Amino acid sequence: MLTENELKRYERQIRIFGEARQERLKNARVFIAGAGGLGSPVSIYLAAAGIGRIRIVDHEKVELNNLNRQILHRDEDTGKKKVVSALERLKKLNPDIQVEAISEMMDENNVLELVEGFDAIVDGLDNFYTRYLLNRAAIARNIAFFHGAINGLYGQATTIIPGKTACLRCIFPEPPPPTTFPVIGATCGVIGCIQATEVIKYLVRIGSLLENSLLLWDGLNGKIDQIKLERNPDCIDCSGK
Amino acid sequence: MKVTVKLFLLIRDALGGEGEIEVRLNSGATMSDLLSTLREEYGLPDEIPLRRGVLKLFEGKEVKEMVVLKDGRNFKLLEGLETKLENGAVVALFPPLFGG
């Protein structure tokens with residue numbers, strides 16, 4: 001049941017999909033890997049939409065050069081753990097939801113435990129090594145995985161449904177070499193918002209998802225494209241699952 | 001045979017903004033043949049200069065910092081440069097993105 005406060009808070013989106021679907025968001029649990037460039041807009045918009053429980057994981061501290069894009073954090077947060085400002089910001093944005101912010105580095109020893117019981121996993125990571133861990137965890141636990149990545153004014157997003165769509169390894173069998181990347185903050189906003197939209201659509205079951213479709217955002221030229229994807233039947237991460 | 005090549009992001013810009021090219025190839029042509037044709041006849045560069053550094057598309061014949069999909073499948077998961085192409089195949093080229 002939605003409270004009087006919730007009916008008011010979410011009134012504009014309830015107009016789109018109705019109270020029953022808003023309750024689905026209230027009962028949903030979303031895991032967000034990273035409280036950085038992508039994690040910031042994703043978590044903000046999912047909190048604003050009323051996702052009942054959000055877990056956000058990041059082991060890093062806020063640095064000054066994060067602040068052109070990581071809008072969960074402010075100047076006064078530099079030097080502190082990102083999860084501290086993430087928790088504060090999201091709880092102030094929406095006190096009605098549960099937010100759990102965990103300062104941990106994700107690895108093969110903890111990733112399954114971290115994502116256990118969640119309905120959706122959002123990729124807010126900055127390297128493919130950890131993305132592959134999350135990809136495998138999503139497949140192992142049969143949890144929808146919302147991939148995003150950016151560089152400069154470019155971004156990409158796709159929605160991975162284990163057992164149904166190409167997984168991350170099907171599309172990108174090898175990681176690009178890890179390095180720092182240039183980025184205009186708004187690019188993170190575009191892709192993070194696309195990811196948040198996909199999560200909401202998935203949870204309330206409306207519209208069509210970026211399943212087997214890689215959306216490419218070219219912010220430099222104002223173009224959006226989609227590339228069709230195919231599963232790899234011999235994928236080392238998802239074949240036969 | 002004819003193969004459609006779709007270019008995205010700064011690889012599209014490197015070829016003057018052309019997003020889609022129809023390339024004629026001999027029957028039995030491979031991905032290697034297509035990439036050679038794109039380099040020799042369409043100006044696909046070996047590397048694209050960035051403000052800092054370069055995006056290295058090729059190192060010799062090897063594809064480096066470029067994602068190549070044939071009909072939605074990564075060519076490295078097919079037969080790599082020896083992947084056979086068919087009439088009507090769609091090949092997508094774009095740079096790898098990994099930030100977040």
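What follows is calculated from the coordinates using simple rules that are stated; it is not laboratory data. The structure displayed is predicted, hence computed values, not measured ones. Using ideal geometry, Cβ is built from the backbone for each residue, glycine included, and neighbour counts are taken over all protein chains shown.
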Worksheet item: Taking GluC sites (Glu not before Pro) that fall in a DSSP loop and have at most 14 other Cβ atoms within 10 Å as cut points, what is the longest piece of chain A between them?
Response: A:117-241
Worksheet item: Quick one: Karplus J couplings for the stretch A:101-106, per residue in order, coefficients 6.51, -1.76, 1.60, θ = phi - 60°, nearest Hz, x for Gly and Pro?
Response: 10, 10, 8, 8, 8, 6
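Determine, for each peptide in A:121-127, A:77-83, the mean count of other beta carbons within 10 angstrom over its residues, then list the peptides with the highest first.
Values: A:121-127: 25.1, A:77-83: 17.7.
In decreasing order of mean packing, A:121-127, A:77-83 become A:121-127, A:77-83.
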Response to the item:
Given pairs B:Lys61/B:Lys84; A:Lys26/A:Lys82; A:Lys82/B:Lys76 and cut-off 28 Å on Cα-Cα distance, the over-length ones are A:Lys82/B:Lys76
Response to the item:
Computed from the beta carbon distance with a Förster radius of 45 Å, FRET efficiency for A:Asn65 and B:Glu41 to the nearest 0.05 stands at 0.60
Item to complete: Find how many whole Å separate the alpha carbon centroid of the stretch A:210-241 from the alpha carbon centroid of the stretch A:55-98.
Response: 30
Discussion item. I'd like to compare A:200-207, A:218-225, B:64-71: which one has the highest average count of other Cβ atoms within 10 Å, and what's the full order after that?
Written reply: B:64-71, A:200-207, A:218-225
Practice prompt. Pull up all non-local amide H partners of B:Lys64: gap of 5 or more, or a different chain, and H-to-H distance under 5 Å with H placed in the peptide plane.
Written response: B:Phe58, B:Glu59
Practice prompt. Just tell me how shielded A:216-224 is by partners: mean number of partner chain Cβ atoms within 10 Å of each residue's Cβ, no decimals.
Written response: 4
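Just tell me how shielded B:6-12 is by partners: mean number of partner chain Cβ atoms within 10 Å of each residue's Cβ, no decimals.
Numbers: counts 3, 1, 9, 14, 7, 0, 6.
Taking all residues of B:6-12 together, the mean is 6.
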Discussion item. Using DSSP H assignments, which helices in chain A have an axial alpha-carbon span of 20 Å or above and a mean Kyte-Doolittle hydropathy of -1.0 or higher?
Written reply: A:185-204
Worksheet item: Where does each of A:27-33, B:81-87, A:146-152 land if you order them by average Cβ count within 10 Å, highest first?
Response: A:146-152, A:27-33, B:81-87
Practice prompt. From zero up to wherever the largest Cα-Cα distance of the stretch A:73-115 sits, split into 5 Å bins and tell me the percent of pairs in each.
Written response: 5, 21, 22, 18, 18, 13, 3
Worksheet item: Over what distance in Å are the Cα centres of the stretch A:107-150 and the stretch B:16-61 separated?
Response: 34
Item to complete: Normalise the Debye intensity by I(0) for chain B, one equal point scatterer per Cα, no solvent, then take log10 at q = 0.14 Å⁻¹ and round to two decimals.
Response: -0.48
Response to the item:
The answer for A:Ile56, listing residues at least 5 apart or on another chain whose modeled amide H is closer than 5 Å to its amide H, is A:Ile32, A:Glu100, A:Ala101, A:Ile102
Fill in: Dipole of the stretch A:34-146, positive end: most advanced residue of A:Gly79, A:Val62, A:Ile97 [Cβ charges, Cα centre]
A:Ile97
Practice prompt. Per residue of A:144-151, count partner chain C-beta atoms within 10 Å of its C-beta, then hand back the mean as an integer.
Written response: 3
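Which value at 222 nm does chain A reach when only helices count, each DSSP H run of 4 or more adding -39,500 (n - 2.57), with the total divided by all residues and rounded to the nearest 500 deg cm²/dmol?
Value at 222 nm, helices only, nearest 500: -10500 deg cm²/dmol.
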Item to complete: For B:Ala29, enumerate residues with amide H under 5 Å from its amide H, sequence gap 5+ or separate chain, H modeled in the peptide plane.
Response: B:Leu85
